[in-house]
1. Would you please list the contacts, defined by Cβ atoms under 8 Å and residues six or more apart or on different chains, that run from a residue in region 94-117 that is β-branched (V, I, T) to a residue that is not in a loop (DSSP other than H, G, I, E, B)?
2. Can you tell me which condition S98 does not meet? The list is (1) in a helix (DSSP H, G or I); (2) open to solvent by 100 Å² or more (accessible area, probe 1.4 Å), and all the others hold.
3. For region 77-93, which residues satisfy the criterion of being open to solvent by less than 100 Å² (accessible area, probe 1.4 Å), over 16 Å from A130 (Cβ atoms) and at pLDDT 90 or above?
4. Considering only region 29-46, I want to know if a residue exists there that is assigned to a helix (DSSP H, G or I), modelled with pLDDT of 75 or more and open to solvent by less than 100 Å² (accessible area, probe 1.4 Å).
Amino acid sequence: MKVTMSTTLPQSTPFAPRNVSGRVWKEKKTKVSTMRAASVRKSYEERMQDRQMLKVAKEHAQELKDAKLRAKEEAKQRRIEQEERRRINTLKAEVVQSVSSRKVKRMSKKQLRASGITMRATGLIPAIVAAEAKKTAEYQAEQRAAAKAALEAKAAEATAAAASTDSASA
């Protein structure tokens, strides 16, 4: 028994060129550029709207970055201030005993190490003095600004009162 297979080949028009390979069952492929729809181009208003949305998104992203950077800087500043306070507090908490310089000069290096004697400035510790001076300077500047504002307010009230009495007497 003989089995024959019938295949339907695409009908080519008499003017259509045949494939070079002679494989008539292969169809011609279309280019992607010809498959694209003609109305893909957006209108001017849509493009401007997209541009505006992109601009808003970029601004929002930049604000988030700036906020993150600001928070990081503030945390760094707080950490530095905290370390400075901690250092000053440890210096304040130390037990200090004054020893004459003659006695220290007579002691050997081994004795100095064993007794844990360290040389420090007499009186308040310079770091503490600097920190307190800074605080007092800031406080004094605030007090001067408050006093100046109060004087300006009084002067404004006085001129307003003088103007009202002049207008009432006239």
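The values are calculated or read from the model by the stated rules, or taken from the named source; none is laboratory data. Here the structure is a predicted model, which is why all the values come from computation and not from measurement. In this analysis, Cβ positions are derived from the backbone assuming ideal geometry, glycine residues included, and neighbour counts consider all displayed protein chains. Just so you know, the surface numbers come from the protein's heavy atoms only, side chains and all, with ligands and any DNA or RNA stripped out. Shrake-Rupley method; radii C 1.70, N 1.55, O 1.52, S 1.80 Å.
1. V104/L112; I117/V104
2. (1)
3. Across region 77-93, the qualifying residues are Q77, Q82.
4. Initially, region 29-46 is screened for residues assigned to a helix (DSSP H, G or I), giving 32-35, 38-40, 44-46.
Subsequent filtering for residues that are modelled with pLDDT of 75 or more retains 32, 44-46.
So of that shortlist, the ones also open to solvent by less than 100 Å² (accessible area, probe 1.4 Å) come out as 46.
Taking every residue of region 29-46 in turn, at least one turns out to be assigned to a helix (DSSP H, G or I), modelled with pLDDT of 75 or more and open to solvent by less than 100 Å² (accessible area, probe 1.4 Å).
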